[in-house]
Amino acid sequence: MKDCLYVSIQGRVQGVGFRYYTQIEARKLGISGWVRNQPDGSVEACICGEAGALAAMQAWLKHGPGFAHVEHIEFSAGHLPDNCNDFRIV
């Protein structure tokens, strides 16, 4: 069974390849969902997958790619639309 989480990530997370590397990591782990920049400088994502893959993705998101600096991250229960079978940058 797949679970889904909404994620809000704050810090130096725009202009450092955060969305691109999040997509690579999600695809590597078999995670479905999306990631996008927010006007306030944060990044928002929806991640959906098996429990082990979600745990690995959560751990990765807590630090992100090398040039990022995650200052605060929040996870909350979410729902992924049925037609989302891949991980996209939106």
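Laboratory data are not the source of any read-out in this text; all were calculated from the coordinates shown. None of the values given here were measured: they were computed from a predicted structure. Here the Cβ positions follow ideal geometry from the backbone for every residue, glycine too, while neighbour counts run over all protein chains shown.
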Given 24-33, 51-60, 67-76, the highest-first ranking by average Cβ count within 10 Å works out to 24-33, 51-60, 67-76
In nanometres, the difference between 0.36 nm per residue of separation and the alpha-carbon distance of F67 and Q14 is 18.1 nm
Hull volume per residue for the chain, using the convex hull of the C-alpha atoms, in Å³ is 83 Å³
Counting only backbone N atoms under 17 Å from a point 7 Å out along Cα-to-Cβ of A51, the residues of the stretch 2-32 in range are 2-5
When C46, C4 are ranked with the fewest other C-beta atoms within 10 Å first, the list becomes C4, C46
